[in-house]
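Here the structure comes first, spelled out in structure tokens, and everything after it is commentary.
A short reminder: the numbers here are calculations on the coordinates, not readings from a lab. As the structure is a prediction and not an experimental result, all values here were calculated from the model. Virtual Cβ from ideal backbone geometry, glycine too; neighbours counted across all protein chains shown.
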Amino acid sequence: MTEATQEKTGLGNYFVANYPPFSFWKPAHLPAAHAALNASPDAETPLGLYLHIPFCRKRCKFCYFRIYTDKNARDVETYLDALVKEVTLYSRVPLIGGRPLKYVYFGGGTPSYLSAAQLRSLMERLQAVLPWKGAEEVTFECEPGTLQQHKLETLRELGVTRLSLGVENFDPKILEFNGRAHLEDEIHRAYGWARDLGFAQINIDLIAGMVGESWDNWKQCVAKTIALSPDSVTIYQMELPYNTTFSKELKMIGQDAPLTPTLSPPGGRGLGEGGIADWPTKRDWVNYAFDTMIAASYEVSSAYTLVKNRRRTSFVYRDALWHGADMFGTGVASFGHVHGVHLQNVDTWEQYVEMLQRDELPLGRALPVEPRHRLIREMILQLKTGRLDAGYFQRKFGKNILEEFADSFDELEREGHLTRSAEDVEMTRGGLLQVDRLLPIFFDPQHRGTRYT
Ligand code: SF4
């Protein structure tokens with residue numbers, strides 16, 4: 001990739017979610033997945049459960065997830081039955097062996113699309129087979145426009161500890177243009193109810209660089225977020241993966257940046273020809289958010305996250321995942337990692353439901369991850385926190401990462417992206433803001449330059 005194409009927001013994935021890349025996961029590796037599920041658990045490895053709820057009111061134009069906007073109540077029940085069956089099947093595999101769950105994560109899609117009655121029934125049935133009473137964290141993703149007070153009361157009662165609100169932006173025109181279903185009023189209303197109900201942690205998600213974004217509006221988004229005073233704020237930089245409404249529109253009109261309402265950024269480095277901000281502008285916006293939120297007593301806890309009180313505000317799901325925990329990913333197209341093997345479920349509704357109706361785990365592809373690649377995976381994921389503790393890798397993998405990857409660290413240090421001591425690595429702010437662009441330097445050669453999905 002040349003410097004020029006790196007700076008423009010072109011089509012393709014930017015965010016590095018896992019390693020080795022998904023394109024190396026294959027159905028041929030499924031026997032390794034089944035062997036892992038039949039192994040005895042490692043007592044030291046925490047266990048988590050991810051549940052994918054694939055329903056949304058409408059598809060956001062930048063979304064590439066496996067979601068459905070056309071399912072009726074009966075379809076939803078069919079899916080929830082399948083999900084309960086999947087968790088039941090997992091509860092019987094030797095690798096689970098009565099292990100306690102450290103965390104549970106309801107992601108999507110839009111978990112809050114489900115009604116209070118559906119949620120109560122789902123969670124009660126799930127807990128009957130795999131209780132999460134002792135879990136340190138139960139996260140639930142919400143779209144503000146789908147929340148009512150009684151739904152939030154139900155979630156609180158059912159043990160949700162961390163509520164994550166997909167705000168993304170506050171401006172009605174930007175929300176609408178990007179295909180978001182919610183309105184600004186709904187954000188304030190939902191947040192107020194959630195606060196009153198005393199959830200242990202409320203997170204707000206924002207996206208820097210939604211189509212139509214401007215400096216003035218971004219500053220207002222940051223100010224409005226601080227005014228709400230959430231426990232944590234997660235900020236992603238807008239990307240244009242393949243298979244989104246935006247990317248399809250672009251291909252149809254033969255351009256490589258989407259059409260947008262004209263919102264010029266005074267003092268900004270510039271929006272691309274069709275109106276989406278380039279990467280330096282998005283980094284400037286996140287940098288501004290970091291500085292402004294730090295001044296409001298937040299601390300940076302990763303390339304994407306700020307927390308109000310680092311000692312009280314943890315993110316168990318993220319930290320467990322980034323330290324190699326086992327996680328069962330349930331639901332259509334979900335990803336998991338167990339006993340050193342990556343797993344992904346089949347990615348169509350029909351296959352997912354049919355396999356579970358036959359009492360089969362709906363696994364679609366897998367990859368056994370060799371120890372060197374497990375080390376690289378944890379190293380690149382932990383680098384997203386802004387620091388690496390070399391001692392951790394020495395203890396866990398018996399390797400000195402500072403020697404093993406000296407050339408890559410040298411290069412990133414020369415470019416001003418990090419600093420090193422004998423024991424650890426610290427990303428600079430500039431490095432942290434573009435960490436996903438830098439991480440492939442640690443990939444083994446066969447994994448570089450491949451399509452990520
Ligand atoms: S709400 Fe989330 S999952 Fe649903 S379409 Fe929008 S971005 Fe995708």
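Computed from the alpha carbon atoms alone, the convex hull of region 370-453 holds 95 Å³ per residue.
In this rough spin-label picture, where each label sits 7 Å from Cα along the Cβ direction, the residue 351-residue 243 distance is 1.1 nm. When the chain is described by a simple charge dipole with +1 on each Lys and Arg Cβ and -1 on each Asp and Glu Cβ, the residue from 40, 417, 369 located farthest towards its positive end is 40. Which pairs, out of 85/396; 102/224; 173/282; 133/224; 61/219; 8/71, put more than 31 Å between their alpha-carbon atoms? Going by Cα-Cα distance, 85/396; 102/224; 133/224; 8/71 fall outside the 31 Å limit. Counting Lys and Arg as +1 and Asp and Glu as -1 over every other residue whose Cβ lies under 15 Å from the Cβ of residue 79, the net charge comes to -3. Between rounded, prolate and oblate, where does the chain land on the alpha carbon gyration tensor, with a ≥ b ≥ c its root eigenvalues, rounded for a/c under 1.5, else prolate if a/b exceeds b/c? It is rounded, given that a/c, with a ≥ b ≥ c, falls under 1.5. Taking the DSSP bridge list for the chain and keeping only pairs wholly inside it, about 40 percent are antiparallel. Computed on the chain, with alpha-carbon pairs under 8 angstrom and 6+ residues apart, the relative contact order is 21 percent.
Report the calculated FRET efficiency for residue 59 and residue 88 (r = Cβ-Cβ distance, R0 = 30 Å), to the nearest 0.05.
Once rounded, the FRET efficiency stands at 0.50.
Segment residue 75..residue 422, full-extension length gain: 119.3 nm, with 0.36 nm per residue of separation and the alpha-carbon distance subtracted. Peptide packing for 104-113, 241-250 was compared via the average number of neighbouring C-beta atoms within 10 Å per residue; ordered from the highest value, the list is 104-113, 241-250.
When only alpha carbons are used to place a centre, region 285-325 and region 387-453 end up 20 Å from one another.
Computed over region 55-165, the P(r) tail beyond 18 angstrom holds 52 percent of alpha carbon pairs. Here each label is just a point 7 Å from Cα along the line to Cβ, and for residue 297 and residue 117 those points are 4.4 nm apart. The helix-only estimate of mean residue ellipticity at 222 nm for the chain, built from DSSP H runs of length n ≥ 4 each weighted as -39500 (n - 2.57), is -11000 deg cm²/dmol after division by the residue total. Using R0 = 56 Å, the C-beta based FRET efficiency linking residue 99 and residue 173 works out to 0.70. For residue 344, the shell of other residues with beta-carbons less than 12 Å away shows a net charge of +2, using +1 for Lys and Arg and -1 for Asp and Glu.
If the segment from residue 450 to residue 323 were pulled out straight at 0.36 nm per residue, it would be longer than the present Cα-Cα gap by 43.3 nm.
Given a Förster radius of 30 Å and the C-beta distance between residue 399 and residue 127 as r, what FRET efficiency does 1/(1 + (r/R0)^6) yield to the nearest 0.05?
Efficiency computed from Cβ-Cβ geometry: 0.15.
Is region 280-352 best put as rounded, prolate or oblate by its Cα gyration tensor, with a ≥ b ≥ c the root eigenvalues, rounded for a/c under 1.5, and otherwise prolate when a/b is larger than b/c, oblate when not? Prolate is the answer for region 280-352, as a/c is 1.5 or above and a/b outweighs b/c. Which net charge results for the neighbourhood of residue 367, defined as the other residues with beta-carbon distances under 13 angstrom from its beta-carbon, given Lys and Arg at +1 and Asp and Glu at -1? Value of the local net charge: +3. Fully extending the segment from residue 186 to residue 414 would add 77.4 nm, taking 0.36 nm per residue of separation and subtracting the current Cα-Cα distance.
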